[in-house]
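Coordinate-derived values only; no laboratory data. No experiment lies behind these values; they were computed from the predicted model shown. Here the Cβ is made from the backbone with ideal geometry for all residues, glycine too, and neighbour counts use every protein chain on show.
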Amino acid sequence: MLNLSFIGAGLVAITVVIHALGTTILVRYLADRFIGADGNWGSRGRHLALILAAVVLVFLHTVEIMVWAGVYQALVPASELASFETAVYFSFVTFTTLGYGDITLSEGYRLLSGIQALNGILLVGWSTALMFAVVQKTWQSQD
């Protein structure tokens, strides 16, 4: 159990780094591309900026989910997660806290899925806050 706690903590750290780097690059790009010298968004591209932010955030989450799936594939017996596709599906369902329950891990590995769910809540909340900031900035700058 302690080993899985350390593995889970390491995965949380890795996914937070991925999210931090990705969102920093995204915010810098949006600022350079869409915000003028006056600090306001230009009239063109507001919708493009929102779409780009959403797509990049979903991409980041997908990468983070696949990192977890790779660890599941490496650790969990094949009888529980038969393929990488199954591991990715389980990871998506767990990360998003959707929790269909059609795939569950045995007692020895359940702790990881709980840690992943907490990780997903944290990172989805971060993305929600960032999207809110982008939407708010575009609304404040409307002509």
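Where in the stretch 1-104 are there trypsin sites (Lys or Arg not before Pro) that are in a DSSP coil and have at most 11 other Cβ atoms within 10 angstrom of their Cβ?
ARG44
Provide the gained length on full extension for the span MET131 to THR96, in nm with one decimal, where the gain is 0.36 nm per separating residue minus the Cα-Cα distance. Working shown, then result.
Values: separation 35, 0.36 × 35 = 12.60 nm, distance 1.70 nm.
Here the segment from MET131 to THR96 would lengthen by 10.9 nm.
From Cα pairs below 8 angstrom and at least 6 apart in sequence, can you work out the relative contact order of the chain, rounded to a whole percent? Can you show the working numbers first?
Values: 113 pairs, mean separation 46.3, N = 143.
In percent, rounded to a whole number, it is 32.
Scale the Cα Rg of the chain by the rule-of-thumb value 2.2 N^0.38 Å and send over the ratio, two decimals.
1.25
May I ask you to derive the FRET efficiency for LEU4 and VAL27 from their Cβ-Cβ distance with R0 = 35 Å, giving the value to the nearest 0.05?
0.55
With θ set to phi - 60° and the Karplus curve 6.51 cos²θ - 1.76 cosθ + 1.60, what are the ³J(HN,Hα) couplings of the stretch 108-117 in order, to the nearest whole Hz, using x for Gly and Pro?
So the Karplus estimates, Gly and Pro as x, are x, 10, 4, 4, 4, 5, x, 5, 5, 4 Hz.
So what's the back-of-envelope 222 nm ellipticity for the chain, counting only DSSP H runs of four-plus at -39500 (n - 2.57) apiece and dividing by all residues, rounded to 500?
On the way: 4 runs with 106 residues, N = 143.
My calculation for the chain gives -26500 deg cm²/dmol from helical runs alone.
Given R₀ = 22 Å, FRET efficiency for ALA20-ALA54 by Cβ-Cβ distance, to 0.05?
Efficiency computed from Cβ-Cβ geometry: 0.75.
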